[in-house]
Amino acid sequence: MSLGASGTDAADAADATDPAGPLSDATMVARARDGDTRAFETLVRRYQRPIYRLAVRLLGDTGEAEDVTQEVFVTAWRRLPEIHEDKAIRSWLYRIATNRCLNILRSRKPVAPLFDEAIPMASPAASPEARAEAHERLLALRVALDRLTAEQRACWLLREVEELSYAEIASILRTTPQAVRGRLARARADLGEAMISWQ
């Protein structure tokens, strides 16, 4: 099984098997569980970029994010029989990625600063003044995010960037929606205070 670019053609073929368009996650999971590697590579293609994006924003390190992304899909392939709801593959992948990232963050002392790739920069079409202001604002946001606890940062990114529901985040972090709301409230308050000069 390949997770690299060589899997793209096979994934395209798996997507193309239904004339109505791409098959659902649930269908792909069911096929992958039966040993269909093309179906699994379709899932990799669908979720590799979002998983990498989450990892790089949590870790602030592109190399570590690439490693985590690879680990997520290797683990997913081995543990496919553990998925009880085939349509829940997205949350399941986010859970594996988030837990791995949190373990890495907890082992760091101190936490490394976020890299430029962690949060997108201003559009190149913007004026030099607008780009400079956006750059400064993003630097301030990176510093503020670095000061959050790993769990708060995960909650904020999963909600504000990945747009997951409170229930999904609670499932990913193995906690309650109420706990997620609490962490988000604290994260938003801290970020709001840190960014007050930019409001």
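Every number in this text was worked out from the coordinates using simple rules, so none of it is lab data. All of these numbers come straight from a predicted model, not from anything done at the bench. Cβ atoms come from the backbone with ideal geometry, glycine included; neighbour counts cover every protein chain shown.
Brief remarks follow.
- For the pair GLN178 and SER107, label points projected 7 Å from Cα toward Cβ lie 3.4 nm apart.
- Theoretical gain in end-to-end length, ALA88 to GLU133 [0.36 nm per residue, Cα-Cα removed]: 12.2 nm
- Model label points for ASP34 and GLU66, set 7 angstrom from Cα along the Cα-to-Cβ axis, are 3.6 nm apart.
- Length released on extending from ALA194 to SER165, taking residue separation times 0.36 nm less the Cα-Cα span: 7.9 nm
- Cβ-based exposure ranking for CYS155, CYS101, in which fewest neighbours within 10 Å come first: CYS101, CYS155
- Neighbour-count ranking [beta-carbon atoms within 10 angstrom, fewest first] of ILE89, ILE83: ILE83, ILE89
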